[in-house]
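Participant: Let me give you the structure first, and then I'll get to my questions.
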Amino acid sequence: TLLTNTSLRTWLLDLDLPPDARPELQTALADLNQFEVIVPLSKETLLTVATVGGTVFSSVFSLFGALSVLAAVLLIFLIFVMLAAERRSEIGMARAIGTQRRQVVQMFVTEGMVYSLVAAAIGVLVGIGVTFAMTSFIGQLFNNLSGQVNPQAAGLFGVTFSISWQSVVISYCLGVILTFAVITISSWRVSRMNI
């Protein structure tokens, strides 16, 4: 381990050695170069690489998740605007006979919450399935790549599927709450119409 240090090697070669000992020392140190391959594969280096890889993966998945949530919010908003546009005459007649704007908003929010409760449950189940498929694919991809680089390293990476009930409940609740907020805003915007 000490002889893999290049500064120590330089110091040894700079010593005042007999003329016949210097070439032998240079040859011996040159033969040690094959063991330098072990240094990058130390536990510390592997932990650093794993930490960086985990950060990259979590950043990529967080980015895709955030973009998916933004697309879903926009989609929910547009769906409720289209539902209101389709019922424009119905809303107009209801307002003309005395329905207040608050009641129109309540009508849309009630309908939206029913959709939200069902859609959040379906979304959580589909999300679990997609996560299982992604972890299986990524695990196979890493094992195939590591097997091609080094056949002895096949199966080195272990990507496993893990789920907790707390994350399922949090996902469901966040889906319902976010949908409720978007539905309320879109319902309030739709209810502002000239009879």
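Participant: Which one of SER7, PHE161, SER62 has its Cα pushed farthest toward the positive end of the charge dipole of the chain, where Lys and Arg give +1 and Asp and Glu give -1 at the Cβ?
Facilitator: SER62
Participant: I need the calculated FRET efficiency for the pair VAL159 and VAL73, taking r as the beta carbon distance and R₀ as 45 Å, to the nearest 0.05.
Facilitator: 0.90
Participant: Can you give the extra length, in nm with one decimal, that the chain gains between VAL126 and SER167 once fully stretched, where that is 0.36 nm per residue apart less the Cα-Cα distance?
Facilitator: 13.3 nm
Participant: How long is the gain from SER59 to GLN106 if the chain were fully straight, where each residue apart is worth 0.36 nm and the alpha carbon distance is subtracted?
Facilitator: Fully extending the segment from SER59 to GLN106 adds 13.0 nm.
Participant: How much length is gained if the chain between LYS43 and ASP31 is pulled fully straight, taking 0.36 nm per residue apart and subtracting their Cα-Cα distance, in nm to one decimal?
Facilitator: That works out to 1.9 nm of additional length.
Participant: In degrees between 0 and 90, to the nearest 10, how far off the longest principal axis of the chain does helix 21-31 point, with axes built from Cα atoms?
Facilitator: 30
Participant: Continuing with this model, one more query. Once you sort the root eigenvalues of the Cα gyration tensor of the stretch 45-90 as a ≥ b ≥ c, which label holds: rounded (a/c under 1.5), prolate (a/b larger than b/c) or oblate (the other case)?
Facilitator: Values: a/c = 12.07, a/b = 10.79, b/c = 1.12.
Because a/c hits 1.5 or more and a/b exceeds b/c, the stretch 45-90 counts as prolate.
Participant: Here's a follow-up. Using r as the Cβ-Cβ distance of SER89 and ALA133, and R0 as 41 Å, what FRET efficiency do you calculate, to the nearest 0.05?
Facilitator: Efficiency, rounded to the nearest 0.05: 0.35.
Participant: In degrees from 0 to 90, rounded to the nearest 10, what is the angle of the helix 101-149 Cα long axis to the longest principal axis of the chain?
Facilitator: Approximately 20 degrees, to the nearest ten.
Participant: Give the angle, between 0 and 90 degrees and rounded to the nearest 10, that separates the Cα long axis of helix 165-191 from the longest principal axis of the Cα atoms of the chain.
Facilitator: Approximately 40 degrees, to the nearest ten.
Read-outs: derived from the displayed coordinates by stated rules, not from any lab. Please read these numbers as outputs of a predicted model, since none were measured by experiment. Cβ atoms come from the backbone with ideal geometry, glycine included; neighbour counts cover every protein chain shown.
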